[in-house]
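Have a look at the structure below before the remarks.
The values are calculated or read from the model by the stated rules, or taken from the named source; none is laboratory data. Keep in mind that what you see is a predicted model, and the values were worked out from it rather than measured. Backbone-built Cβ (ideal geometry, glycine too); neighbour counts: all protein chains shown.
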Amino acid sequence: FSLKQEGFCGDGVCGDGEDASSCTVDCSCNNGDSRPCSANHYGRCALGNETCINGEWSGCSAPITETCNQVDDDCDGIIDNVNGGDSVEATQCACYGGERPESRETFDGIDNDCNGEVDDGCVCEEGETEECGSNIGECQPGTRTCTNCQWGGCQGTVGPFDEVCGNGKDDDCDGQTDEADCLLETNETCAYGAIPSTGCKCGASTYASGYCCGGVYSMEPCPGFPWWIIVVIGVAVLAVGVVFWFMQKKKVQENSWEELEKKYTPSEMLVFLETL
């Protein structure tokens, strides 16, 4: 007994002699049905489809010839290796005649810069965050986020600051407290020294850092004496030197032979010379 009715398995003949009502148990599927399939986990083969023909699944989409479409057509795990190569060197570059299509990697799973490495230079995963900055002393760390395979700038950090003497804090976050190079020193007047703890009035303004040198604000330390004192001392030393020179010159002139002959007789001159 042969069945030729549409919808039965295979050619419509029950393989084990069953009647028409039980014949469909031999079918793997219903004719015309389709389902997704995956021949392997690479490329387009992972997104294939198969159709039911005569009660049997037709098989998953087979690999096809690789073309330059940013899809792994031949299901070998390499995108656009139109040369059929088995390394990443035969990826997108071959689709551009082997020329460099882009100046740098764009981290998209393709060897954009044609150097044989996919996404080289990627140092982090997209969206990843990590702590950055310092947590020493008065500093507080922030965070940075990975964008396009690279770390972004550090956000939310606090410090470092200029070191301030006498406050018992590590302002510049170097692990030392109130070290010798801080802004504040012992000069309370701030006339020729650094800023005292109460601030320094230099001219018409009050500053929190720096120096007031002779009424002029400066970020550099003042000299030990005001410049005009140094000038006055120099002029005084020069004047003393000139006066001493004239006195010595006059003394020499007074003791010359001509002057001595005028003042003394020959016998007195002998006595005078013996005293020299």
- For residues that are surrounded by 14 or more Cβ atoms within 10 Å (Cβ to Cβ) and hydrophobic (A, V, I, L, M, F, W, C), scanning just segment 36-50, find the one that is modelled with the highest pLDDT. CYS37
- Answer yes if at least one residue in segment 212-228 is outside the structural domain of ASP162 (by the TED database), at pLDDT 65 or above and closer than 18 Å to ASP171 by Cβ, and no otherwise. yes
- Query: Of these, ASN148, ASN135, which one is loosely packed, with under 14 Cβ neighbours inside 10 Å, under 19 Å from the mean Cα position of the chain (by Cα) and free of Cβ contacts under 8 Å to residues at least 12 places away in the same chain?
  - Reply: ASN135
- Item | ILE53 vs. criteria modelled with pLDDT of 70 or more and β-branched (Val, Ile, Thr) | yes
- Filter result (at pLDDT below 70, buried (at least 16 other Cβ atoms within 10 Å of the Cβ) and on the phi > 0 side of the Ramachandran plot) within segment 151-192: CYS190
- Message: Among the residues in segment 79-101, are any on the phi > 0 side of the Ramachandran plot, exposed (fewer than 13 other Cβ atoms within 10 Å of the Cβ) and modelled with pLDDT of 75 or more?
- Response: no
